[in-house]
Amino acid sequence: MATLVTFHAHPDDECIVTGGVMRKASEEGHRVVLVVATRGEVGEVPEGFLAEGEQLWERRVRETHAAAEVLGVKRVEFLGYRDSGMMGEPTNEHEGSFWTAPVEEAAERLAAILREEEADVLTVYDDNGGYGHPDHIQVHRVGMRAAELAGTPRVYEATNNADHMRKGIEAAVEQGLIPKEALPDLSEEDSFGKPEAVITGAVDVTAYLGAKRAAMRAHASQIPEESFFLAMPEEGFAHAFGTEWFIRAGQGPGITETDIMAGL
């Protein structure tokens, strides 16, 4: 048995980006630990969604634990920073925001968990945080430094395969499987993920898509049924989320790994 630690920016990120490898690792007998930098305080919910007196972060913490149970997570930890909001928003500079946290300080918080767990594998995000969100970029910076401090042997940058995503979305729209209004904004070049040429790992998680989708549904405050993630039919969902993509320093060129827990 080995230990996989997945580090994410906000509640719900874990099931979207690494939910498959988390459930896969758990079912194979490995220990899975989820660390979340913030409690997602800046997320948005429809009016009347929260109970009277309920704070959004409280709901999102509960949703995280529910999703973690679906994914086979044995420990959930929050680093205690505040959601910074999208790039360029005033919330980026709020006191306690993850974006303004000193990298060394935040990395030591994460490194303490990595040491305690004797982590074998850590997942972070690519250097653009997948799509340019400040907290996601900070996950990359903090996670990479924490792995150095703790001596974690394997570090994978979770990313999206931009080429695969673009082809799949174009085909789904042409076939009428996804309405155009439900699509994320892919207008900016390199706004989502990395080109396939720089990706070194591709993990087939189609066997765990039921758990991955159930974990997404557990985050109802952020992923409603009409969202891009859940509105698509099973075939489209499998294409979009049936493979999880990673970059690992020293691997490649090309995709040379199909299991981030191989050999452990």
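How many residues does region 2-16 hold that are buried (at least 24 other Cβ atoms within 10 Å of the Cβ), aliphatic (A, V, I, L, M) and outside any strand (DSSP E or B)?
Adding up the residues that qualify gives 1.
Of all residues in region 110-137, which are over 18 Å from A162 (Cα atoms) and either assigned to a strand (DSSP E or B) or within 13 Å of the chain's Cα centre (by Cα) (or both)?
V121, L122, T123, D135
For V103, indicate whether it is open to solvent by 30 Å² or more (accessible area, probe 1.4 Å) and of a type in the set (A, V, I, L, M, F, W, C).
It is true that V103 is open to solvent by 30 Å² or more (accessible area, probe 1.4 Å) and of a type in the set (A, V, I, L, M, F, W, C).
Given (1) closer than 20 Å to N160 by Cβ; (2) aliphatic (A, V, I, L, M); (3) open to solvent by 50 Å² or more (accessible area, probe 1.4 Å), where does I247 come up short, assuming only one miss?
Result: I247 passes all but (3).
Can you list residue pairs whose Cβ atoms sit under 8 Å apart, with the first residue in region 102-130 being touching a residue at least 24 places away in the same chain (Cβ under 8 Å) and the second being part of a helix (DSSP H, G or I) and polar (S, T, N, Q)? Count only pairs 6 or more apart in sequence or on different chains.
Hits for this filter: V103/Q138; A106/Q138; T123/T18; G129/Q138.
Could you identify the single residue in G88, G80 that is out of contact with any Lys or Arg (no Cβ under 8 Å at 6 or more places or on another chain) and open to solvent by 20 Å² or more (accessible area, probe 1.4 Å)?
G88
Of the conditions (1) buried (at least 19 other Cβ atoms within 10 Å of the Cβ); (2) under 23 Å from D127 (Cβ atoms); (3) more than 17 Å from the chain's Cα centre (by Cα); (4) modelled with pLDDT under 90, E188 satisfies every one except a single condition; which number is it?
So E188 meets the others, but not (1).
Can you name the residue in region 205-244 that is open to solvent by 30 Å² or more (accessible area, probe 1.4 Å) and of a type in the set (F, W, Y) and is also farthest from E14 (Cα to Cα) among such residues?
If we filter region 205-244 for residues that are open to solvent by 30 Å² or more (accessible area, probe 1.4 Å), which is where we start, we get 206-208, 210, 214, 217, 220, 222, 224-226, 228-229, 231, 233-235, 238-240, 243.
Filter once more, so that each one left must be of a type in the set (F, W, Y): 208, 228-229.
Values: Y208: 14, F228: 16, F229: 13 Å.
The selected residue is F228.
Please work out which residue is nearest to Y208 (Cα to Cα), limiting yourself to region 26-72 and to residues that are among the small types (G, A, S) and in contact with a Lys or Arg (Cβ under 7 Å, 6 or more places away or on another chain).
Keep residues of region 26-72 that are among the small types (G, A, S), which gives 26, 29, 37, 40, 43, 48, 51, 53, 66-68, 72.
Checking which are in contact with a Lys or Arg (Cβ under 7 Å, 6 or more places away or on another chain) leaves us with 40, 43, 72.
Values: G40: 25, G43: 27, G72: 11 Å.
In this case the residue turns out to be G72.
Can you spot a residue in region 195-213 that is among the basic types (K, R), at pLDDT 95 or above, under 24 Å from E28 (Cα atoms) and in a helix (DSSP H, G or I)?
Checking region 195-213: at least one residue is among the basic types (K, R), at pLDDT 95 or above, under 24 Å from E28 (Cα atoms) and in a helix (DSSP H, G or I).
Counting only residues that are touching a residue at least 40 places away in the same chain (Cβ under 8 Å), within 17 Å of T18 (Cβ to Cβ), not in a loop (DSSP other than H, G, I, E, B) and not β-branched (V, I, T), how many does region 229-264 have?
The number of residues fulfilling the criteria is 7.
When region 25-77 is examined, which residues are found to be small (G, A, S) and open to solvent by 50 Å² or more (accessible area, probe 1.4 Å)?
Once the filter is applied, which keeps residues that are small (G, A, S) and open to solvent by 50 Å² or more (accessible area, probe 1.4 Å), region 25-77 yields G48, A51, G53.
Out of I199, I223, report the one residue that is under 17 Å from the mean Cα position of the chain (by Cα), among the aliphatic types (A, V, I, L, M) and over 20 Å from A162 (Cα atoms).
It is I223.
The values are calculated or read from the model by the stated rules, or taken from the named source; none is laboratory data. For clarity, every value in this text was computed on a predicted model and none was experimentally measured. Every residue, glycine among them, receives a Cβ derived from its backbone with ideal geometry; neighbour counts consider all protein chains shown. The protein model used for the area step is the full one, side chains on, heavy atoms only, and it has no ligands, DNA or RNA in it. Shrake-Rupley method; radii C 1.70, N 1.55, O 1.52, S 1.80 Å.
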